[in-house]
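The values are calculated or read from the model by the stated rules, or taken from the named source; none is laboratory data. Keep in mind that this is a model prediction, so the values were computed, not measured. Cβ placement follows ideal geometry from the backbone for every residue including glycine, while neighbour counts extend to all protein chains displayed. Keep in mind that these areas ignore ligands, DNA and RNA; they rest on the heavy atoms of the full protein, side chains included. Shrake-Rupley method; radii C 1.70, N 1.55, O 1.52, S 1.80 Å.
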Amino acid sequence: MESLTVSQKVVLMENLSSAEYLLREGESLQQVLKDINLQINRAEIWGIIGTSCFEIKLLLEIMANIRPYESGRCVLVERGMMRLKRVILKHVFYIGNSDMLYNTMNVLEFLMLATAKWKINAVERQEQIFELIIKIGLGHLSLTTIGLLTKEEKAVVTLVAAAYSDAQMIVFNLPEYEFDSILIEVIANMADFIKELGKTLVVATPICPLIEKACTHIAVLAEGRLIHQGLVQDFRDQYDKVEMILRDEDLAGVKEALRAILPNHQLVVEHDRLLIKGETSLRSDLEVIYKRIIDSGYFPQSIEKNSKTVEYALEELMRQYDLPE
């Protein structure tokens, strides 16, 4: 494989530790973030997820040069950052809240203002913006006054403005926001647009479907350390051991009945479903499992093959590290 040129590296963190510390009863002071090693490249879309919203926000604040760090090294778009001196970086667009918009403008007016320096006439510019917000699924809000939007809708409008900026990296640091399925699709569409522009997007979120739909890469942060990083698809394939999902009114009874039929599988009742998990990374023959269930005389209300998900993969990773999900 050909080595990456310096210009392809957008974020490079080496042995980075935070300046913030935690004090727990009976323990000595511990840094919030410890020995972080992370490389993010041009046109990648990263989702950062973990066990602590505070840790995730702190990591992205350091990444965007909002917060200092105590030790290690951080390079952003070819520029080494001084540990203590915080400066606004033109090549990074940081979104840490949804308050930067003008509440009296509508969405289209604001995006016209954000692109005012474009060297094309206003009519053509408005057409391009309008086409984009329709394409990504935000057309229904195009003429809505920003002051009437939810904070999540405002955040997504800010993301559109960020994509139109000169920034090479966009940091979307809002892990406390609750995006619904409609806005998740909008963010995923924007991620595709940002990737097409050759820009990099880093998203902090606890929402597994958002990472699944929008991101090319994932990093999992737990107890101050990165415990996994890489391609989203590889993460799903490696850790999601759920093979089939059953639904029935008597899940406890079904689970008990299937123990003898599927001795090499783990059976887990979760909410309104029974998960059939393989004990190894090798997938079972699902037709054989299905036949065994039917031949046993049990006919659950529904049985379906599991598509590998970030949610189940994350649960398994946390289980392996004995961490709270």
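For a quick check of your reading of the model, give me the residue pairs whose first member lies in region 247-258 and is assigned by the TED database to the domain that holds R273, whose second is in a helix (DSSP H, G or I) and surrounded by 11 or more Cβ atoms within 10 Å (Cβ to Cβ), with beta-carbon atoms closer than 7 Å and at least 6 apart or on different chains.
Between residues of region 247-258 that are assigned by the TED database to the domain that holds R273 and residues that are in a helix (DSSP H, G or I) and surrounded by 11 or more Cβ atoms within 10 Å (Cβ to Cβ), the close pairs are D248/V254; L258/I293.
Counting just the residues of region 90-141 that are assigned to a helix (DSSP H, G or I) and of a type in the set (G, A, S), which one comes out nearest to A167 (Cα to Cα)?
Restricting to residues being assigned to a helix (DSSP H, G or I) and of a type in the set (G, A, S), the top hit is A114.
Given (1) part of a loop (DSSP other than H, G, I, E, B); (2) closer than 20 Å to I62 by Cα, identify the lone condition not met by Q229.
Unmet for Q229, out of (1) part of a loop (DSSP other than H, G, I, E, B); (2) closer than 20 Å to I62 by Cα: (1).
Residues I218, I184: which one is among the β-branched types (V, I, T) and touching a Pro at 6+ places or on another chain (Cβ under 7 Å)?
I184 is the lone residue from the list that is among the β-branched types (V, I, T) and touching a Pro at 6+ places or on another chain (Cβ under 7 Å).
So which of L275, L323, L314 ends up being over 19 Å from V232 (Cα atoms) and modelled with pLDDT of 90 or more?
L275
Return a yes/no flag: does region 237-248 have any residue that is among the β-branched types (V, I, T), assigned to a loop (DSSP other than H, G, I, E, B) and buried (at least 17 other Cβ atoms within 10 Å of the Cβ).
no
Report the residue count in region 24-76 for those that are assigned to a strand (DSSP E or B), small (G, A, S) and buried (at least 17 other Cβ atoms within 10 Å of the Cβ).
Of the residues in that region, 3 qualify.
Consider only pairs whose beta carbons are under 8 Å apart and that are at least six residues apart or on different chains; among these, list those whose first residue lies in region 121-146 and is loosely packed, with under 12 Cβ neighbours inside 10 Å and whose second residue is part of a helix (DSSP H, G or I).
Final answer for the pair search is A122/M112; L143/V107; L143/L108.
In this structure, is S181 open to solvent by 10 Å² or more (accessible area, probe 1.4 Å), among the hydroxyl-bearing types (S, T, Y) and touching a residue at least 60 places away in the same chain (Cβ under 8 Å)?
Judged against the criteria, S181 is not a match.
In the list L210, L231, L221, L174, which residue meets the criterion of being open to solvent by 30 Å² or more (accessible area, probe 1.4 Å), in the same structural domain as Y21 (by the TED database), out of contact with any Cys (no Cβ under 6 Å at 6 or more places or on another chain) and hydrophobic (A, V, I, L, M, F, W, C)?
Within the list L210, L231, L221, L174, the selection yields L231.
Tell me which residues, restricted to region 300-312, are within 14 Å of M244 (Cα to Cα) and either surrounded by 16 or more Cβ atoms within 10 Å (Cβ to Cβ) or of a type outside the set (D, E, K, R) (or both).
P300, Q301, S302, I303, N306, S307, K308, T309, Y312
For V156, work out the one condition from (1) under 22 Å from G96 (Cα atoms); (2) surrounded by fewer than 21 Cβ atoms within 10 Å (Cβ to Cβ) it doesn't fulfil.
Here V156 clears every test but (2).
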